[in-house]
1. In degrees from 0 to 90, rounded to the nearest 10, what is the angle of the helix 17-29 Cα long axis to the longest principal axis of the chain?
2. Per residue of the chain, what 222 nm ellipticity follows from adding -39500 (n - 2.57) for every DSSP H run with n ≥ 4, rounded to the nearest 500?
3. Report relative contact order for the chain in percent, whole number only (criteria: Cα-Cα under 8 Å, sequence separation at least 6).
4. Using per-residue counts of other Cβ atoms within 10 Å, averaged over each peptide, order 235-248, 194-207 from highest down.
5. Using alpha carbons only, how many degrees (0 to 90, rounded to 10) separate the axis of helix 181-192 from the longest principal axis of the chain?
6. For the range 285-294, in order, what is each residue's ³J(HN,Hα) by Karplus, 6.51 cos²θ - 1.76 cosθ + 1.60 with θ = phi - 60°, in whole Hz (x at glycine and Pro)?
7. When we measure straight from the Cα of residue 225, which lysines land under 18 angstrom away, once same-chain ones fewer than 8 places off are left out?
8. Which distance in nm do the two modelled labels at residue 64 and residue 218 give, with both placed 7 Å along the Cα-to-Cβ direction?
Amino acid sequence: MEDKRKLLDQPLHGIYIPIALILFGTWIFSWSYMPYSIAFIAIVFSFRYYEAMKRRSSIDKNIWRDFELMDKTLIAPMTSIYRFKLNREDEILDIPTGHHLACCFIVDGKDEIRFYSPISNQFDAGFFDILVKHYERGKVTRRLAQVQVGQTVKFRGTVGTLNYSPGMAKEIGLIAGGTGITPILQVITRVITDLEDDTKLKLIYGNETERDILLKNEIDEIAAKYPNFDVHYTVTHPEPSWTGSKGYVTREMIEQYAPQISDDNMLFICGPPEMKRSLFAITQEMGWKKENIFCF
């Protein structure tokens, strides 16, 4: 059933029809009142325009806007979560699942742009979070690390080609490497917070060491609470006490921990470029169709 409660928020019902009725009524009653009607319409239209401008999204697809840093938290070696303030306390960053925000700094007179996937969910109001791994030679990450609480950073967006919808697959295999977990987390959050989405998710997450596994506690908590979500970890340089898989993500791991090859199932892959190229080739050799594989 169509929800009628927000009809007045639409231009047709909230502006055009009322204006037409006022002008028509004035014409029927007396032309002498037309200047007053026009003045009244101008006042009402200005107020509604002001309200609409206040409710507009903080993020613009084409215009760089400044966002104030509210907090930053070191969660792993050289990796932090940055929290940025939205324009309104009740605003929720509404972006398509698996899409990214563009971040810009001017470095040596040039615009340096990098893309980050927000990890905050659709219930987080007034802010958005991005997870960033810092690199010694990273032009943007070095500048981000220097930003202090209260200072601003330029963002715009969103950018992305994933068109996720509930039920687009029975099972989705999620393969992530390092900070490639961020858009994957968007997918996980979208599925587990939608009561009508019963998609089964199977995550294979690879990192260099156990300490590099980002948000492991949060991922393990999700796995414990949601029966339709499973996770398997692999690390390249394990400690003696490590009980998970060892080495890079392999064909054998995908065969064991990802969904079965089927037209009803999909694979989402995100990580370093070499990892994505390698796994895309491996999964096709296994029999996965191109249209059932999505690389971020």
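1. Tilt of helix 17-29: around 0 degrees.
2. -9000 deg cm²/dmol
3. 15 percent
4. Those peptides, ordered most packed to least, come out 194-207, 235-248.
5. Taking Cα atoms only, the helix is inclined about 70 degrees.
6. 4, 6, x, 5, 7, 4, 6, 9, 10, 10
7. 200, 202, 216
8. 2.7 nm
Computed from the coordinates by the stated procedures, all read-outs in this text should not be read as laboratory data. These numbers come from a predicted model, not from an experiment. Cβ atoms come from the backbone with ideal geometry, glycine included; neighbour counts cover every protein chain shown.
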